[in-house]
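The values are calculated or read from the model by the stated rules, or taken from the named source; none is laboratory data. Here the structure is a predicted model, which means the values were calculated and not measured. Here the Cβ positions follow ideal geometry from the backbone for every residue, glycine too, while neighbour counts run over all protein chains shown. Side chains are part of the model used for accessible areas, which takes the heavy atoms of the whole protein and leaves out ligands, DNA and RNA. Shrake-Rupley method; radii C 1.70, N 1.55, O 1.52, S 1.80 Å.
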Amino acid sequence: MDTKTYLGQISRLNFRIKNKMEEINQLRDMACSISVSPKEVNVQSSGEPDKMGSLVSKIADAEAELADSVERSLQKKKEIVQQIEMIPNTNQYRILYERYVLCKDWNVISVEMGCTFRNAMSIHGRALQEFEKYFGSYYL
C-alpha cells in the first residue's frame with residue numbers, strides 16, 4: 001500500500017459508514033411498507049413466511065456491521081492523526097491533516113493556506129515523502 005492509499009483509509013471508511021447508514025435506512029423504509037393482504041392471511045405459500053422478522057434481522061445485522069465500521073474508523077483515524085501530528089514541518093502537517101483527515105478539496109486547501117494550487121501540490125509531495133520516511137515501514 002502506498003502512502004496516499006494509507007492516508008486515504010479515513011475517507012474510504014467514512015464512505016463505508018455512509019453507505020451502511022443508507023442501507024439501514026432503505027431496510028427500515030422497506031419494513032415500514034410491508035403490509036399483509038387478506039389473501040396472505042388465509043393462503044399458505046412457499047414464499048418467505050415472516051417478511052417483517054426477516055427485515056428486522058437484516059436491520060440488526062446491518063447495524064452491528066455499522067457499529068463495527070465506526071469503531072474501526074475511529075481507531076484508524078486516531079492512529080493516522082497521531083502519525084500526521086508527528087510531522088515537524090507545519091505546512092506539511094497542515095496539508096496532510098486537511099486533505100486526509102478533514103477531506104478538503106485541493107482548491108480550498110490552497111486558498112486557506114494562502115498559496116497557489118501548484119505550491120500546495122508541491123508541499124503535499126514533500127509531505128508524503130516525509131510521512132513515508134517516518135512511517136513507511138509500518139504500512140509498505
Run down 96, 128 and say which single residue is under 24 Å from residue 1 (Cβ atoms), modelled with pLDDT of 95 or more and touching a Ser or Thr at 6+ places or on another chain (Cβ under 7 Å). 128
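If you take the residues in the range 87-107 that are β-branched (Val, Ile, Thr) and surrounded by 14 or more Cβ atoms within 10 Å (Cβ to Cβ), which one is farthest from residue 24 (Cα to Cα)?
Going residue by residue through the range 87-107, those that are β-branched (Val, Ile, Thr) are 87, 90, 95, 101.
Filter again for surrounded by 14 or more Cβ atoms within 10 Å (Cβ to Cβ), leaving 87, 95, 101.
Working: 87: 39, 95: 34, 101: 25 Å.
Among residues in the range 87-107 that are β-branched (Val, Ile, Thr) and surrounded by 14 or more Cβ atoms within 10 Å (Cβ to Cβ), the one farthest from residue 24 (Cα to Cα) is 87.
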Criterion first (under 30 Å from residue 20 (Cα atoms), at pLDDT below 95 and exposed (fewer than 11 other Cβ atoms within 10 Å of the Cβ)) does residue 71 satisfy it? yes
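Mind listing whichever residues of the range 78-124 are polar (S, T, N, Q), in a helix (DSSP H, G or I) and touching an Asp or Glu at 6+ places or on another chain (Cβ under 8 Å)? Steps first, please.
Here is the first cut: in the range 78-124, the ones polar (S, T, N, Q) are 82-83, 89-92, 107, 110, 116, 119, 122.
Keeping just the survivors that are in a helix (DSSP H, G or I) gives 82-83, 90-92, 107, 110, 119, 122.
Once the filter is applied, which keeps residues that are polar (S, T, N, Q), in a helix (DSSP H, G or I) and touching an Asp or Glu at 6+ places or on another chain (Cβ under 8 Å), the range 78-124 yields only 92.
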Given the condition free of Cβ contacts under 8 Å to residues at least 24 places away in the same chain and of a type in the set (Ser, Thr, Tyr), answer yes or no: does some residue in the range 53-75 qualify? yes
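Would you check if residue 58 is out of contact with any Cys (no Cβ under 6 Å at 6 or more places or on another chain), at negative phi, open to solvent by 100 Å² or more (accessible area, probe 1.4 Å) and modelled with pLDDT of 90 or more?
Details: out of contact with any Cys (no Cβ under 6 Å at 6 or more places or on another chain): yes; at negative phi: yes; open to solvent by 100 Å² or more (accessible area, probe 1.4 Å): yes; modelled with pLDDT of 90 or more: yes.
In short, yes.
Listed residues 84, 80, 123; which is over 20 Å from residue 12 (Cα atoms) and open to solvent by less than 90 Å² (accessible area, probe 1.4 Å)?
Values: 84 fails: over 20 Å from residue 12 (Cα atoms); 80 fails: over 20 Å from residue 12 (Cα atoms).
Unique residue meeting the criteria: 123.
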